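The values are calculated or read from the model by the stated rules, or taken from the named source; none is laboratory data. Here the structure is a predicted model, which means the values were calculated and not measured. As a convention, Cβ positions derive from the backbone with ideal geometry for all residues, glycine included, and neighbour counts pool all protein chains shown. Heads up: the accessible areas ignore ligands, DNA and RNA and are worked out on the full protein's heavy atoms, side chains in. Shrake-Rupley method; radii C 1.70, N 1.55, O 1.52, S 1.80 Å.
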Amino acid sequence: MKPAPFEYHAPPSAAEAVDLLARFDEGAKLIAGGQSLIPMLALRLATFDHLVDVGRINELRGLERRDGALWIGAGTTEAAVEKDDQVAKDVPLLARATPLIGHFQIRNRGTVGGSIAHADPAAEYPAVALALDADMEAVSPKGRRVIAARDFFDGLWSTSLNADELLTGVSFPVWRGRCGFAVEEFTRRHGDFAVAGAVVALEMDEEEKVKRCAIGLIGLGSTPLRAWEVESELRGRSMGEINPFDMGRAAVDGLDSVPADLHGSAEYRRRVGAEMVARAWRTAAREATTGA
């Protein structure tokens with residue numbers, strides 16, 4: 001099939017892009033890499049009168065350290081993130097999640113902002129952003145605002161961005177100290193969206209107790225999720241006291257909106273999710289303990 005007719009716009013700046021969004025309101029849709037939107041348009045699962053292409057706006061690309069965080073422009077491609085040594089050093093969880101996104105052809109076109117704004121609960125970047133308490137920077141004709149990750153994802157493929165707002169960048173806090181990071185997911189084939197997955201960030205103190213931790217869940221709800229209660233229970237506990245299997249089960253037991261489809265029932269996804277949490281925790285704990 002072919003997309004329904006639309007008018008194409010390629011503004012040279014973020015300011016002009018948001019002016020177009022404000023002018024056309026709900027009739028406009030942003031496009032950057034197009035790896036999610038183009039198939040939906042081609043199948044006519046979505047139709048828009050205007051497409052606003054922000055993929056050529058230079059101010060939306062790049063990365064830099066800002067106030068203890070690594071800012072990554074929304075237009076930065078996933079392939080650029082994957083190859084960048086600074087990302088690997090400052091935000092290892094993001095670097096380790098990136099190779100799991102589709103295939104290299106997709107990562108060559110897909111963008112950080114596109115993945116996060118698309119808000120697919122089975123995608124890696126939204127889960128990483130939520131787990132690391134990232135800040136989303138958006139601009140509209142009214143000015144700029146910062147949205148915390150926990151307030152950003154508000155439904156299936158839905159965010160708290162207003163119709164006239166453009167995501168310009170994401171700031172990922174940089175963790176320092178005795179830290180470990182891991183991403184685990186189960187897919188039918190390499191490059192598929194995860195049936196279930198988990199991302200874990202962990203910092204230990206000098207007594208080998210959990211100083212802080214973050215557990216993000218992939219594919220287990222209508223939005224990316226965090227195991228907030230489990231994280232709270234783990235803080236201050238010694239590593240030897242923690243049973244990863246029990247902790248993994250606790251992370252998913254309270255979930256009441258786990259999806260079910262031809263790839264698996266809700267109960268199956270819970271079991272897989274619990275195992276992914278346990279595996280990610282073991283890997284992150286090993287890295288925090290031994291540095292490898």
In percent, what relative contact order does the chain have, based on Cα pairs under 8 Å that are 6 or more apart in sequence?
16 percent
Rounded to the nearest percent, how much of the accessible area of the chain (1.4 Å probe, protein heavy atoms only) is carbon and sulfur?
49 percent
Counting only DSSP beta bridges fully inside region 74-159, the antiparallel percentage to nearest 5 is 100 percent
So if we plug the beta-carbon distance of Glu267 and Ser158 into 1/(1 + (r/R0)^6) with R0 = 45 Å, what FRET efficiency do we get, rounded to 0.05?
0.95
Might you tell me the accessible area per residue for the chain, computed with a 1.4 Å probe and given in Å²?
47 Å²
Going by a ≥ b ≥ c, the root eigenvalues of the Cα gyration tensor, does region 84-176 fall in the rounded group (a/c under 1.5), the prolate group (a/b larger than b/c) or the oblate group?
prolate
Heavy atoms of the protein only, probe of 1.4 Å, neighbouring chains included. What is the accessible area of Met276 in Å², nearest 10?
10 Å²
Which values, in whole Å and largest first, are the semi-axes of the equivalent ellipsoid of the chain obtained as the square root of 5 times each eigenvalue of the Cα gyration tensor?
33, 22, 16
Stretched out fully, how many nm does the piece from Val174 to Ala88 gain, at 0.36 nm a residue minus the Cα gap?
29.9 nm
The chain: most fluctuating residue of His50, His103, His118 per GNM, C-alpha cutoff 10 Å
His103
Residue span Arg189 to Asp25: 0.36 nm per residue of separation minus Cα-Cα distance leaves a gain in nm of 55.2 nm
Could the peptides 277-288, 253-264 be put in order, highest first, of the mean number of other beta-carbon atoms found within 10 Å of their residues?
277-288, 253-264
Considering only C-alpha atoms, what is the centroid distance from region 162-178 to region 246-292, in Å?
25 Å
Any chance you could run the full-extension gain for Arg145 through Ala15? It's 0.36 nm times the residue separation minus the Cα-Cα distance, nm to one decimal.
45.4 nm
Beta bridge orientation in the chain: antiparallel %, DSSP, nearest 5
85 percent
In percent, how large is the relative contact order of region 82-169, given Cα pairs closer than 8 Å and 6 or more residues apart?
24 percent
Which residues does the label zone of Ile106 cover in region 120-152, counting backbone N under 19 Å from a point 7 Å along Cα→Cβ?
120-130
Mind ranking 15-21, 29-35 by how tightly packed they are, going by the mean number of other C-beta atoms within 10 angstrom, highest first?
29-35, 15-21
State, as an integer percentage, the relative contact order of region 142-286 based on alpha-carbon contacts under 8 Å between residues 6 or more apart.
24 percent
Here region 26-43 yields Karplus 3J(HN,Hα) values (6.51, -1.76, 1.60; θ = phi - 60°; whole Hz; Gly and Pro given as x) of 5, x, 10, 9, 6, 9, 10, x, x, 5, 9, 6, 4, x, 5, 5, 5, 8
Taking the Cα atoms of region 159-292 alone, what are Rg (to one decimal) and Dmax (as a whole number) in Å?
15.9, 50
For the chain, what is the mean residue ellipticity at 222 nm derived from helices alone (per DSSP H run of n ≥ 4: -39500 (n - 2.57); sum divided by total residues; nearest 500 deg cm²/dmol)?
-9500 deg cm²/dmol
By accessible area of protein heavy atoms, probe 1.4 Å, what ranking do Thr77, Thr289 get, highest first?
Thr289, Thr77
Distances longer than 24 Å among the Cα atoms of region 1-117: what percent of all pairs is that?
32 percent
